[in-house]
Amino acid sequence: MAGGARESGRSVMSRALAILGAFDARHPRLTLTEIAGRTGLALSTVHRLAGELEEWRALRRGADGRFQIGRRLWELGQLAPDPLQEVARPWLQELFGETGENVHLAVRDGLEVLYVDKVYGKRAVPILSRTGSRLPMHPTGVGKALLAYEPEWFVASYLSRPLERPTPHTITEPGRLARELAQVRAQGYATTHEEMTLGSCSAAAPVPVGEHAGDRPVAAVGIVVSSRRVRELPRLVDPLLAVAARIADDYRAAVARA
């Protein structure tokens, strides 16, 4: 299809945003051709707009010619008010200091979890999550901790979709997953065993900010350990729940002051 036909009716702004939207955690660096393929824009249009975005520092070109998100967008992102990340960071650091394991904070965004903060060390088990990345809800601890408290209609809609299976251990059967979500609500935390990544398991707790126990949480805190140490996971649950509760308290206070 000709580029003009593909771009018909699209404003310059929408085209520029499409170029920025082509980048994600799985595609952090792209060539002009790859950007054109992911956006449906003509290569000539991508070349022109990418150059303008580079000049504005929204994009940065590496020595190999590939583009990545520039620091100007990071600077603008820091201006967005986010009391959740601000109040959570000290508690995430404390949990990491106590356990020495990867700790992260995530929120639901659409049908995925968006990781908004992470504290980790060199000796911790490598994991896929990184600040700003997205992963499916059902194979992740934080995703299960959030999905369990969504309205029934949302959970039913989520389970009715074809669920991706990152590993052979990923739970994709709707009935089995529904039972697991019920268990999450009953015990107050979620666990995974090599469901997102082989070699790692996790526990996650919701960050409740409502007046009632079943209210939708604002976020979830997760901790990831090597699957070789899965028997140690239960001892991490109490400090995990304590940190989630403290984040919730501080978040409520921050919102009240705003």
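Here are the numbers:
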| quantity | calculated |
| --- | --- |
| Inter-site label distance for Ala253 and Arg10 at 7 Å from Cα along Cβ, in nm | 4.8 |
| Along each principal axis, Cα extent of the chain, largest first, Å | 56, 41, 38 |
| Filtered GluC sites (Glu not before Pro), region 158-258: DSSP coil and at most 16 other beta carbons within 10 Å | Glu164, Glu211 |
| The chain, helix-only ellipticity at 222 nm - DSSP H runs n ≥ 4, -39,500 (n - 2.57), divided by all residues, nearest 500 | -13500 deg cm²/dmol |
| Counted charge near Pro90, where neighbours are those whose Cβ lies closer than 12 Å (Asp, Glu -1; Lys, Arg +1) | -2 |
| Debye, to nearest 20: dipole size of the chain, +1 on Lys, Arg Cβ, -1 on Asp, Glu Cβ | 660 |
| Positive-pole candidate from Ala25, Gly70, Gly100, dipole of region 25-175, charges at beta carbon | Gly70 |
| Under Karplus coefficients 6.51, -1.76 and 1.60, residue-wise ³J(HN,Hα) of region 110-117 in Hz, glycine/proline x | x, 9, 10, 9, 10, 7, 9, 7 |
| GluC sites (Glu not before Pro) restricted to region 37-83 and DSSP loop, no more than 13 other C-beta within 10 Å | none |
| Where labels lie 7 Å past Cα in the beta-carbon direction, separation of Thr31 and Asp109 in nm | 2.8 |
| For region 90-248, with +1 on Lys and Arg beta carbons and -1 on Asp and Glu, the positive-most of Pro217, Tyr120, Met137 along the dipole | Tyr120 |
| Carbon and sulfur %, accessible surface of region 83-256 computed with the full protein complex present, 1.4 Å | 52 |
| Region 243-258 - phi-based ³J(HN,Hα) in whole Hz, Karplus 6.51/-1.76/1.60, Gly and Pro as x | 5, 4, 5, 5, 4, 4, 4, 5, 5, 4, 5, 5, 5, 5, 6, 5 |
| Between 0 and 90°, nearest 10: helix 12-21 axis offset from the chain longest Cα axis | 50 |
| Mean accessible surface per residue for region 83-256, computed with a 1.4 Å probe while every protein chain stays in place, in Å² | 48 |
| Label-zone membership for region 55-73, site Gln85, 7 angstrom Cα→C-beta point, backbone N under 18 Å | 58-59, 69-73 |
| Proximal charge balance of Thr172 [Cβ under 12 Å; K/R count +1, D/E count -1] | -1 |
| Cβ-placed point charges (K, R +1; D, E -1), dipole of region 12-77 about Cα centre in debye, nearest 20 | 80 |
| Label-point gap, in nm, between Leu17 and Arg228 - each point 7 angstrom along Cα→Cβ | 4.8 |
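The values are calculated or read from the model by the stated rules, or taken from the named source; none is laboratory data. Predicted, not measured: the structure shown is a model, and the values here were computed from it. Every residue, glycine as well, gets a Cβ built from its backbone with ideal geometry; the counts of neighbours run over all protein chains shown. Each accessible area value is taken on the protein alone, full model and side chains, heavy atoms only, with ligands, DNA and RNA left out. Shrake-Rupley method; radii C 1.70, N 1.55, O 1.52, S 1.80 Å.
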